[in-house]
Structure formats: C-alpha cells, structure tokens
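One structure is given below, encoded as structure tokens.
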Amino acid sequence: MSTDEGVRADWATKDFYQVLGVAKDAGAADIKKAYRTLARANHPDSNPGDAAKHDRFKEVAEAYDVIGDPEKRKKYDELRSAYASGGFGFPQGGAGGPGFDVSDLFGDRGGRGGAGLGDMFGDLFGSRGRTTTQARPRRGGDVETSATIGFTDALEGVTISLRLTSDSPCPTCSGTGGKPGTTPHICTQCEGAGFVVVSTGGGFAMNETCPACGGRQLVYDEPCPTCHGSGRGMSARTIQARIPAGVKDGQKIRLKGKGGAGENGGPAGDLFVHVKVRPHRVFGRTGDNLTLTVPVGFDEAALGAEIKVPTLTGSSVTLKLPPGTPNGRTFRVRGKGARRSDGTMGDLLATVEVQVPAVLDQATREAVEAYRAATAGQKLRAGLFEGGA
Ligand SMILES: [Zn+2]
Ligand SMILES: [Zn+2]
C-alpha cells in the first residue's frame, strides 16, 4: 500500500457530509448531485466579487474531492469515526505525548512513517481553534438604538451605557438552525444557491435571500429545539458607547463592530445610535456656534449699555451695546461657542431683543408719553408710501 497520500489531519475536524448536505451513508450519485448543485450555485464565475460564495465554493470542492472519491472517502470515514469515538484527542500541552498511533489507522507502516506522523501533528496543531470549518463565516447584523443626551454632553462628548438586545447565533445549534446531530440536505427551494430570484415588475428581477433556508443553502428536517430553526438567539448586553464631541440632535452615530455578533468567526455588525439632544434652557446651537437671545430695554438699545450675559461654562461676559443698537443685532463673542473636532472653539452669537413692556406703571407711562411728544415730528413709515413700481 502506498503512503496515506491525500489524507489530511484536518479531516478529523471537518464534516464533509455536512458541507455537501448529504447523509453519512449517501450513495455516490447523491454526493455527486449535491456537489454539482452547490458548485454551480457558488461558482466564482456566476458570483463575481462575492467572497463568501468563493469560500463556500472552495469548501464544497474540498469536500467533494474527498467523499466523491471512494478510496479517500473510506479513509476519511475511518479517521472521522476514530475521532468521534474518542480514540483521537488533541495532544495537550505541546507535542509531548500523543496517546494514539495514526499510522496504524491507515496501514501506513514503514514508508514515510515518522515523517508522516510529524506532518499530521503539524496539521492538527494548525487546525486547532477552527473546528467549525463546515459552516462559513457570517457577518453579524447591524443593530440600531437611540439615546438621549444632554446639551452640554453633546458639545463635549460623552460615554454612555447602552443596554442592547441583539441577535446572536443560537447557542444550541451554533446558528445552523438544525437539531444538533442531524444531517442537513441541500435546500430544494433555491437548489443550494442561498437566494431566489424574484420579479420586481417592469421586467426587473432581484436576488433575495432564500426564505426556505435563510441563505444557508442547507436545510434540516428537524429544526433546532431552542431557536425553532431560525439559528438566531437573543442576548442582552450593556456596552459603553463613546458619543463624540459635537454630535447634533437627530444625528446617527455608527459604532463599528458593536452590533450583532458574527457567526462562525465572521465579523460583528455595527451599532447605529440615533442621538437625541435635550435642548438647553437658554442656549441654542448652529454648527460650532452657540446662540443666545438677550432681552434688552429700549433705553439700553437707544442709549447704549454694558450687558452681562452667561456663557455655557458658567462664567459670564459683558456685551457692549453701542448707542442706537437696532433690535435683532447679533454680537459675536469669540471662543465661547461649541468645541470643534480640532479642539478649537466656536463663537457665542448673542442677539438682542428689545422688550416692550406689556404693562406700564404711572411713572413709566409718563416717561413714554414724554418720549412721544419729543419725537412727534419723526416720520417712521414715510418710506412705505414713496412711489415706485
Ligand atoms: Zn434555500
Ligand atoms: Zn438553534
């Protein structure tokens, strides 16, 4: 007998039957049929740019290379049953003392002998930690949530705790959706493609994830008792999310990798936080600037005045209103606005709003009447009636 050519140590951890969705005792014709269906559905030529499909294609080809070949299949089955029965164990604590003799298993006495053994251990060590190669990686789902933060926190940035309920792979079936220990078969609805073509009208067609297998390409006769076949579990967790300085009300923040967990080593999805900012009692905001409406008396606007106004940090600044300040004039106080992303500060825009007293006491009424008498000659509205087209 020749050496164990083609026998790979990582076979022990790969379920090629599961990869092709066939039973362990499937006939050669069924295996071939399953392979053809899956290879066609995942072929790189018909799925350009789809890395997941390419990986799946390779996985399918690798599986068929072994269990599509009667000789290799026999060796594979022997290796797998030895592995399953516990005859195999990963050597613990380094290459010290493996408790099994691989060469016996393949009748590989002499020949490559020790060298083959060494190769095999190398592979075994190399393959540790990726025992779920029969399932391809899937990216976790994106998660959306909302958070309300204070006005000042929005300006300065804040770290908040978010309690999230999110999708994660079902712990019972590891996301396959099948009852553990049962063998899946190729989805008949999509013929293993993972998607179906639906007409959107107007002669257009679109690919949609196959409703029967959820894009997994394989289906189980018996669904997982925990998730009822969905493959998804719900988990609640609390995460710390950093809301950057300068966030605006209604803005959506993307926190990469804080969404749903990936499956089979796939990356996590993203978390989107819809941020609501509580309004401030007196300050408003436009971009990097803060806004403030400052009530002033007619006399202050007319005669000029020095007016103390607050800033967001609690200190106050003095506005110098020149005599004759019109209602609605905006004064710019540099550096008292919102912090920009580069650390510099925007401005405070203080807009004066002349107040008209709603009720006049005796003294005020006399003063205003005296003002009226003094300004009797002014024609405020003359301009409204001047001719012109
Ligand atoms: Zn399907
Ligand atoms: Zn499950």
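The values are calculated or read from the model by the stated rules, or taken from the named source; none is laboratory data. It should be emphasised that the depicted structure is a prediction, and the values quoted were computed from it without experimental measurement. Every residue, glycine among them, receives a Cβ derived from its backbone with ideal geometry; neighbour counts consider all protein chains shown. To get the accessible areas, we keep the full protein, side chains included, count just its heavy atoms, and leave off ligands, DNA and RNA. Shrake-Rupley method; radii C 1.70, N 1.55, O 1.52, S 1.80 Å.
A few comments on the model shown:
- Tallying residues that are within 13 Å of ligand 1 (Cβ to nearest atom) and part of a loop (DSSP other than H, G, I, E, B) within the stretch 203-230 yields 10.
- Hey, residue 169 within 16 Å of ligand 2 (Cβ to nearest atom), over 22 Å from residue 275 (Cβ atoms) and in contact with a Ser or Thr (Cβ under 8 Å, 6 or more places away or on another chain) or not: no
- Only residues that are modelled with pLDDT of 80 or more and either more than 20 Å from the chain's Cα centre (by Cα) or open to solvent by 70 Å² or more (accessible area, probe 1.4 Å) (or both) were counted across the stretch 124-152, and they come to 8.
- Residue 318 closer than 25 Å to residue 155 by Cβ, exposed (fewer than 14 other Cβ atoms within 10 Å of the Cβ) and touching a residue at least 12 places away in the same chain (Cβ under 8 Å): yes
- In the stretch 202-237, the residue that is nearest to ligand 2 (Cβ to nearest atom) out of those that are polar (S, T, N, Q) and touching a residue at least 40 places away in the same chain (Cβ under 8 Å) is 226.
- Residue within the stretch 180-187 that is among the small types (Gly, Ala, Ser), assigned to a strand (DSSP E or B), within 16 Å of ligand 2 (Cβ to nearest atom) and within 16 Å of residue 23 (Cβ to Cβ) present: no
- Number of the condition not met by residue 265 [criteria: (1) farther than 25 Å from residue 310 by Cβ; (2) open to solvent by less than 40 Å² (accessible area, probe 1.4 Å); (3) in a loop (DSSP other than H, G, I, E, B)]: (2)
- Boolean, residue 229 is farther than 29 Å from residue 314 by Cα and touching a Gly at 6+ places or on another chain (Cβ under 9 Å): yes
- Test result for residue 136, on the phi < 0 side of the Ramachandran plot and touching a helix residue (DSSP H, G or I) at 6+ places or on another chain (Cβ under 6 Å): yes
- Of residues in the stretch 238-261 being open to solvent by 70 Å² or more (accessible area, probe 1.4 Å) and assigned to a strand (DSSP E or B), the one farthest from ligand 2 (Cβ to nearest atom): 242
- Looking across the stretch 294-315, the residues that are under 21 Å from residue 347 (Cα atoms) and surrounded by 11 or more Cβ atoms within 10 Å (Cβ to Cβ) come down to 294, 296, 307, 309, 310, 311, 312.
- Looking across the stretch 171-193, the residues that are open to solvent by less than 30 Å² (accessible area, probe 1.4 Å), near ligand 1 (Cβ under 8 Å from one of its atoms) and touching a helix residue (DSSP H, G or I) at 6+ places or on another chain (Cβ under 7 Å) come down to 192, 193.
- If you go through the stretch 177-190 and keep only what is of a type outside the set (D, E, K, R) and over 27 Å from the mean Cα position of the chain (by Cα), you end up with 180, 181, 182, 183, 184, 185, 186, 187, 188, 189, 190.
- Whichever residue in the stretch 191-202 is part of a loop (DSSP other than H, G, I, E, B) and within 27 Å of the chain's Cα centre (by Cα) and, among such residues, is farthest from residue 263 (Cα to Cα): 193
- Residue within the stretch 355-364 that is touching a strand residue (DSSP E or B) at 6+ places or on another chain (Cβ under 8 Å) and surrounded by 12 or more Cβ atoms within 10 Å (Cβ to Cβ) present: yes
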